[in-house]
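Data block below; observations after.
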């Protein structure tokens, strides 16, 4: 004989998770341990309840995979962004606890300096060049002209514009060449 009584079908583990989850509030800073690193973010165990750091909340600067920022087993400090009790999910941020480096990068590169950087990505509209650690800029096809470029090539480029809000850097080859 079976019973449909709710008390008998309750999951004590789920109740514990919900109770723990209810103790978290947006803005809190907590320590946790990285448990897994899928391509879309990082899962962090915060003492019996997991939260997710979306890729956009990992770092202010460019990276290719979340595993470049953290590793499984690493203890990290995160900020709670959102708690969704209905879906039993929590959004976290690593980036929120770090100073935004983009305004400083813009100040340091405001006069259009010429730098040498490595080509990190080829796109249909241009090439991306690493101009500083974590900072990649775009040389548009219009600026490349007939120059053939491969991944790993070093290019001499001028920083034309830095947009901290959109986290974009516009570069030019043609202007860099004028400095001879």
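The values are calculated or read from the model by the stated rules, or taken from the named source; none is laboratory data. Predicted, not measured: the structure shown is a model, and the values here were computed from it. Ideal geometry is used to build each Cβ from the backbone, glycine not excepted, and the neighbour counts take in all protein chains shown.
To keep it simple, each residue is scored yes or no on (1) assigned to a helix (DSSP H, G or I); (2) at pLDDT below 95; (3) under 30 Å from residue 132 (Cβ atoms).
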residue: 35; (1), (2), (3): no, no, no
residue: 80; (1), (2), (3): no, no, no
residue: 86; (1), (2), (3): no, yes, no
residue: 91; (1), (2), (3): no, no, yes
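Among the residues of region 166-173, is there at least one that is outside the structural domain of residue 34 (by TED's automatic domain parsing) and over 17 Å from residue 61 (Cβ atoms)? For region 166-173, residues outside the structural domain of residue 34 (by TED's automatic domain parsing) and over 17 Å from residue 61 (Cβ atoms): present. Looking only at residues in region 41-57 that are at pLDDT below 95 and assigned to a loop (DSSP other than H, G, I, E, B), the one that is surrounded by the most Cβ atoms within 10 Å (Cβ to Cβ) is 49.
When restricted to residues that are under 10 Å from residue 155 (Cα atoms) and free of Cβ contacts under 8 Å to residues at least 40 places away in the same chain, region 111-129 contains 2. Considering region 151-177, and only residues there that are in contact with a strand residue (DSSP E or B) (Cβ under 7 Å, 6 or more places away or on another chain) and loosely packed, with under 13 Cβ neighbours inside 10 Å, the residue that is nearest to residue 108 (Cα to Cα) turns out to be 154.
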